[in-house]
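Asker: To start, I am sharing the structure in question, which I have written as structure tokens.
The values are calculated or read from the model by the stated rules, or taken from the named source; none is laboratory data. None of these values were measured; they are calculated from a predicted model. Neighbour counts run over all protein chains shown; Cβ positions are idealised from the backbone, glycine included. These accessible areas exclude ligands, DNA and RNA; they are computed on the full protein's heavy atoms, side chains included. Shrake-Rupley method; radii C 1.70, N 1.55, O 1.52, S 1.80 Å.
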Amino acid sequence: MQRLGELEASVMDVLWDSAEPLRVRQVLEAINQHRDLAYTTVMTVLDNLHRKEWVVREMENRAYRYRAVTTREEATAQSLRELLDASDDRESVLLHFARSVTEEESDILRRALRRKPGKR
């Protein structure tokens, strides 16, 4: 997945916060609580997100409804994976990261690693 620009991230936040697929107008109304964008701007961003495979769209009554392909958490994990894959020294990156986590985050990672089947 390609990284998101600022406006794309704002649109994705609206979709991630919704329990159902949204029309362009609904996304626009949510975003315009904090900024002032044109309908065509949001429509273009959603088209771009569709092209980049961040969202899927379904036609309903001559209008598309958009929903995120992945959850916010899955997308964040994928971004972390891509950053790690881009490093020439994964061990160093992981060690720096491990030093930066909170005690609670460290406990979560330990539990997850214990549950991971087979591979270490």
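Asker: Order the peptides 92-104, 60-72 from the highest to the lowest mean number of other Cβ atoms within 10 Å of their residues.
Answerer: Sorting 92-104, 60-72 by mean packing, highest first, produces 60-72, 92-104.
Asker: When the dipole is taken about the Cα centre of the chain, and only Lys, Arg (+1) and Asp, Glu (-1) are charged at their Cβ, what size is it in debye, to the nearest 20?
Answerer: The calculation lands at about 500 debye.
Asker: With the other protein chains left in place, how much accessible area per residue, in square angstrom, belongs to the stretch 1-92 at a 1.4 angstrom probe?
Answerer: In whole numbers, the stretch 1-92 has 66 Å² accessible per residue.
Asker: Select from M59, M43, M12 the residue whose mean-square fluctuation is largest in a Gaussian network model of the chain (Cα-Cα springs shorter than 10 Å).
Answerer: Of the options given, M59 has the highest mean-square fluctuation.
Asker: Give me the percent of the accessible area of the stretch 64-106 that comes from carbon and sulfur atoms, probe 1.4 Å, all protein chains in place.
Answerer: Of the solvent-accessible surface of the stretch 64-106, carbon and sulfur hold 53 percent.
Asker: Considering amide H positions built from the backbone, and no H for Pro or chain starts, which residues 5 or more places from V69, or on another chain, come under 5 Å of its amide H?
Answerer: It is V55, V56, by chain and number.
Asker: Now for a different question. Zone of H50 (label point 7 Å along Cα→Cβ, backbone N under 18 Å): which residues in the stretch 16-30?
Answerer: Answer for this model: 16, 20-29.
Asker: If you don't mind, there's one more thing I want to ask. Note the full-extension length gain between R3 and R110 as 0.36 nm times their separation in residues minus their Cα-Cα distance, in nm to one decimal.
Answerer: 35.7 nm
Asker: May I pose another question? Go ahead and estimate [θ] at 222 nm for the chain from helices alone: -39,500 (n - 2.57) per DSSP H run with n ≥ 4, summed, over the residue count, rounded to 500.
Answerer: My calculation for the chain gives -18000 deg cm²/dmol from helical runs alone.
Asker: With just the Cα atoms defining each centre, how far is the stretch 84-114 from the stretch 14-81? Give it in Å.
Answerer: Using only Cα atoms to place each centre, the spacing works out to 31 Å.
Asker: Helix 103-115 versus the longest principal axis of the chain: what is the Cα-based angle in degrees, 0 to 90, to the nearest 10?
Answerer: Computed tilt is about 80 degrees.
Asker: Would you calculate the volume per residue, in Å³, of the smallest convex hull containing every Cα atom of the chain?
Answerer: Spelled out: Cα convex hull of the chain, divided by residues, is 157 Å³.
Asker: At 1.4 Å probe size, what's the solvent-accessible area of D107? Round to the nearest 10 Å².
Answerer: Solvent-accessible area, nearest 10 Å²: 60 Å².
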